[in-house]
Amino acid sequence: MKNSILTFLALLFSCFAIAQNLSEKEVPTIVKSTFLISYPDQINVKWEKEKGSYEASFTIKDKEHAMVLDPEGTILETEEEIDVNKLPANALAYINTTYPNKKIKDAAKIIDAYGIITFEAQVTSIDLIFDKQGTYIKSIAD
């Protein structure tokens, strides 16, 4: 019983360590500057710190976006909400075959620091990641 309680507490604290909400004051100036230069028209910004990086979640013209930056202000990744029908055809086919009768909740286009494009589709409580051609890469549990 004692080990069960300790295991539960360790899992609980690890969940809090994964992502930390931040106030804008807690974000380094260089990170905020890079973000504001890249997205001057954004609204509703929320900041998080995860694994040493800073993530800004925000809205532009009713579409959700996110940007991940390192502590020096280098952009590591951007993410933009897209319509489900904008996913590559191969990704849609994979989802329809693998998850029949399941609805795609959200879809996003992701561009990393090297310009590599991937797509994300949320089905049930799983994020499915696909390359630019729609080839399945991996699943991430939400």
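Among the numbered criteria (1) of a type outside the set (Ser, Thr, Tyr); (2) under 17 Å from the mean Cα position of the chain (by Cα); (3) modelled with pLDDT of 95 or more, which single criterion is violated by Asp142?
All conditions are met except number (3).
Look through the range 55-73, keep the residues that are open to solvent by 20 Å² or more (accessible area, probe 1.4 Å) and not charged (D, E, K, R), and return whichever of them is farthest from the chain's Cα centre (by Cα).
Pro71
Filter the range 113-139 down to the residues that are of a type in the set (Asp, Glu) and either modelled with pLDDT under 95 or buried (at least 16 other Cβ atoms within 10 Å of the Cβ) (or both) and list them by number.
Passing the criteria: Glu120, Asp127.
Can you name the condition, by its number, that Ile110 falls short on among (1) under 18 Å from Met67 (Cβ atoms); (2) over 15 Å from the mean Cα position of the chain (by Cα); (3) surrounded by 15 or more Cβ atoms within 10 Å (Cβ to Cβ)?
The number of the failed condition is (2).
When you go through (1) surrounded by fewer than 17 Cβ atoms within 10 Å (Cβ to Cβ); (2) touching a helix residue (DSSP H, G or I) at 6+ places or on another chain (Cβ under 6 Å); (3) of a type outside the set (Lys, Arg) one by one for Ile104, which number turns out not to apply?
Tallying (1) surrounded by fewer than 17 Cβ atoms within 10 Å (Cβ to Cβ); (2) touching a helix residue (DSSP H, G or I) at 6+ places or on another chain (Cβ under 6 Å); (3) of a type outside the set (Lys, Arg), Ile104 fails exactly one: (1).
So, in the range 18-49, of the ones that are of a type in the set (D, E, K, R) and free of Cβ contacts under 8 Å to residues at least 24 places away in the same chain, which residue ends up most open to solvent (accessible area, probe 1.4 Å)?
Lys25
The values are calculated or read from the model by the stated rules, or taken from the named source; none is laboratory data. Keep in mind that what you see is a predicted model, and the values were worked out from it rather than measured. Cβ sites come from the backbone with ideal geometry, for glycine too, and all protein chains shown count toward neighbours. Accessible surface areas use protein heavy atoms only, side chains included; no ligands, DNA or RNA. Shrake-Rupley method; radii C 1.70, N 1.55, O 1.52, S 1.80 Å.
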